[in-house]
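The values are calculated or read from the model by the stated rules, or taken from the named source; none is laboratory data. Computed from a predicted model, the values in this text were never measured in an experiment. Ideal geometry is used to build each Cβ from the backbone, glycine not excepted, and the neighbour counts take in all protein chains shown. Accessible surface areas use protein heavy atoms only, side chains included; no ligands, DNA or RNA. Shrake-Rupley method; radii C 1.70, N 1.55, O 1.52, S 1.80 Å.
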Amino acid sequence: MKLLHVDASPRGENSNSRMLSRYFLDRLSGRLSDHSIDYLDVAAEPPPHPTALFTRAIYTPPAERTPEMVAELKISDDLCRRVLVADALVFAMPMHNFTIPSTFKAFVDNLVRAGVTYVVTDDGRYIGQLNRHKVLFITSRGGDLRPGGQLAHMDALTHALRAAFGFMGVSEPEFVDAQPMQFADHTARKAALSKAMADLDAVANDWVAASSTAA
Ligand SMILES: Cc1cc2nc3c(=O)[nH]c(=O)nc-3n(C[C@H](O)[C@H](O)[C@H](O)COP(=O)(O)O)c2cc1C
């Protein structure tokens, strides 16, 4: 199994989401007979925001792109390739102002590419190309935005990820959300962390079982 692991928290060693993604990968690594991990830290190396040239280049057929367009798309091409060759994607991030961190949004802006991560058929249908990937989103939130709670309607993060990755073909992403991790008392934070770890154990078990069935 080829894994791509992406972290997006700017908080380095103090980050909850980084700790949880490391926890998940540790649970998985020892139990997969054959695997490799490609690692990307979008907080340390933020992908570029779309420029005017980028926005022209992505909608210009490859054969008609100028050398400047080809150069402008190089980072995006490389990110798309890393995602497409992977079998499983593990994305870890904090909630920032009710949605995904801006560095992860820049990553998404480099990934959603016509003719690369999605194709449009002659009859106008969109076919996402990430349709064979296992995808896990690990998120950490300061507050508690769980369904049914007072703040649930403000969770734009889950919607942003489901929409963008759904468009690229990811129909059944898994979410492990650690919440509340900041704006709560010690007991609630501890319970949130324990639940997230138990959820990650369950996803790791599923992925190991699926990979041994596939082998
Ligand atoms: C700039 C910024 C914005 C934040 N916005 C939210 C928010 O909208 N909702 C929330 O629940 N927590 C918010 N938080 C808190 C973080 O999501 C929380 O501390 C999380 O555990 C951080 O994850 P990390 O340790 O992996 O960076 C915000 C934190 C920062 C730094």
- Item | Among 31, 125, 65: highest mean-square fluctuation, GNM of the chain, C-alpha pairs under 10 Å | 125
- Note on the structure: Computed Rg/Rh for the chain (Cα atoms; Rh = Kirkwood radius) stands at 0.99
- Set the Förster radius R0 to 30 Å, insert the Cβ-Cβ distance between residue 191 and residue 160 as r into 1/(1 + (r/R0)^6), and round the FRET efficiency to 0.05. 0.70
- Considering only DSSP beta bridges whose two residues both sit in segment 2-214, what percent are antiparallel, to the nearest 5? 15 percent
- Query: Helix 186-214 versus the longest principal axis of the chain: what angle, 0 to 90°, nearest 10, using Cα atoms?
  - Reply: 50 degrees
- Task: Calculate, in nm to one decimal, what residue 53 and residue 85 gain on full extension: separation in residues at 0.36 nm each, minus their alpha carbon distance.
- Result: 8.9 nm
- Task: Compute the relative contact order of the chain as a whole-number percentage, counting only Cα pairs closer than 8 Å that sit 6 or more residues apart in sequence.
- Result: 23 percent
- Query: What does the helix-only formula give at 222 nm for the chain: each DSSP H stretch with n ≥ 4 adding -39500 (n - 2.57), the total divided by the residues, and the result rounded to the nearest 500 deg cm²/dmol?
  - Reply: -13000 deg cm²/dmol
- Message: Suppose the chain between residue 65 and residue 212 were pulled fully straight at 0.36 nm per residue; how much longer would it get relative to their current alpha carbon spacing?
- Response: 48.6 nm
- Message: Between residue 11 and residue 33, what is the label-point separation in nm under the 7 Å Cα-to-beta-carbon projection?
- Response: 4.0 nm
- Against the longest alpha carbon principal axis of the chain, how many degrees, from 0 to 90 and to the nearest 10, is the axis of helix 74-85 turned? 60 degrees
- Message: Out of the total accessible area of segment 2-214 (probe 1.4 Å, heavy atoms of protein only), what percent is carbon and sulfur?
- Response: 54 percent
- Item | Accessible area of the chain divided out per residue, in Å², using a probe of 1.4 angstrom | 52 Å²
